[in-house]
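The values are calculated or read from the model by the stated rules, or taken from the named source; none is laboratory data. Because the structure is predicted, anything quoted here is derived from the model rather than measured. Cβ placement follows ideal geometry from the backbone for every residue including glycine, while neighbour counts extend to all protein chains displayed. Protein only, heavy atoms only, side chains kept; ligands, DNA and RNA dropped before computing areas. Shrake-Rupley method; radii C 1.70, N 1.55, O 1.52, S 1.80 Å.
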Amino acid sequence: MGKLLHKKKIKTPYPIIDVKALSGENRIINYTQCKKFVSYLTYKNWFRNGHPIEGDILLSTVGSLAEMKIFYGSIGCIAQNVVAFRCKEISNLYMYQYLKHIRNEIISYDIGSVQPSIKVTQVIKKNILIPSKSIEQRFHVLMNAISNQIYKSEMQSVQLQNVRDTLLPKLMSGEIRVPMEVAEQEN
């Protein structure tokens, strides 16, 4: 389970993955939605045993219930209202799809009176339909290739946004100038 902690407003390489980053249709975490960060020391000491690892399924348990993504990469902390599921004897990609399929049922486990919330034990106790090993393995191979490509594209998008955010103010202020010949050749 995630932890409640003191967050930094300055961007660091250690994002806190909260419910906003888990929202949306894509199966990969939207790091552009991560607005809270921690320092290296907090990442190493406070979360020493609580880091998600690649392939974990992150699920929101309070507020917007049952928002979920698969954790790719190697750096990130999970927020207080997010849990990580780690699959041991079943494909994490199959489990992710299965949880998406029963999402409305998971939402119906709501026990909150003021704010919607679910208990992890309710999800863990749920019986799961498991396909044959050969079907599960074929599904995993196919979905793994697709998911890895989605992750790579998402990371390229984040890098391009960072380049844009760095260059645009410099172009607008005149600190960087593009020669007219270069601009005309590209058109």
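So here's what we get for this one:
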{"item": "Residues within the range 10-50 that are in contact with a helix residue (DSSP H, G or I) (Cβ under 9 Å, 6 or more places away or on another chain), surrounded by fewer than 15 Cβ atoms within 10 Å (Cβ to Cβ) and at pLDDT below 85, tallied", "result": "1"}
{"item": "Odd one out for residue 139, checked against (1) in contact with a helix residue (DSSP H, G or I) (Cβ under 6 Å, 6 or more places away or on another chain); (2) hydrophobic (A, V, I, L, M, F, W, C); (3) open to solvent by less than 50 Å² (accessible area, probe 1.4 Å)", "result": "(3)"}
{"item": "Leading residue by the ranking (surrounded by the most Cβ atoms within 10 Å (Cβ to Cβ)) among those in the range 88-105 that are part of a helix (DSSP H, G or I) and in contact with a helix residue (DSSP H, G or I) (Cβ under 6 Å, 6 or more places away or on another chain)", "result": "93"}
{"item": "Residue satisfying all of: in the range 66-87; aliphatic (A, V, I, L, M) and farther than 15 Å from residue 23 by Cβ; least open to solvent (accessible area, probe 1.4 Å) among these", "result": "83"}
{"item": "All positions within the range 51-65 that are open to solvent by less than 10 Å² (accessible area, probe 1.4 Å), within 20 Å of residue 113 (Cα to Cα) and assigned to a loop (DSSP other than H, G, I, E, B)", "result": "61"}
{"item": "Subset of the range 126-136 that is open to solvent by less than 100 Å² (accessible area, probe 1.4 Å) and either under 20 Å from the mean Cα position of the chain (by Cα) or among the hydrophobic types (A, V, I, L, M, F, W, C) (or both) - its residue that is nearest to residue 24 (Cα to Cα)", "result": "128"}
{"item": "Any hit, the range 154-173, residues being in contact with a strand residue (DSSP E or B) (Cβ under 9 Å, 6 or more places away or on another chain) and open to solvent by less than 40 Å² (accessible area, probe 1.4 Å)", "result": "yes"}
{"item": "So residue 147, is it within 24 Å of residue 51 (Cα to Cα) and surrounded by fewer than 13 Cβ atoms within 10 Å (Cβ to Cβ)", "result": "no"}
{"item": "Residue satisfying condition, being assigned to a helix (DSSP H, G or I), β-branched (Val, Ile, Thr) and under 20 Å from residue 25 (Cβ atoms), within set 123, 141, 158", "result": "158"}
{"item": "Among the candidates 122, 115, residue that is over 15 Å from the mean Cα position of the chain (by Cα) and either among the aromatic types (Phe, Trp, Tyr) or surrounded by 13 or more Cβ atoms within 10 Å (Cβ to Cβ) (or both)", "result": "122"}
{"item": "Filtered residues of the range 106-120 (kept if assigned to a loop (DSSP other than H, G, I, E, B), of a type in the set (Val, Ile, Thr), out of contact with any Lys or Arg (no Cβ under 8 Å at 6 or more places or on another chain) and farther than 10 Å from residue 66 by Cα)", "result": "114"}
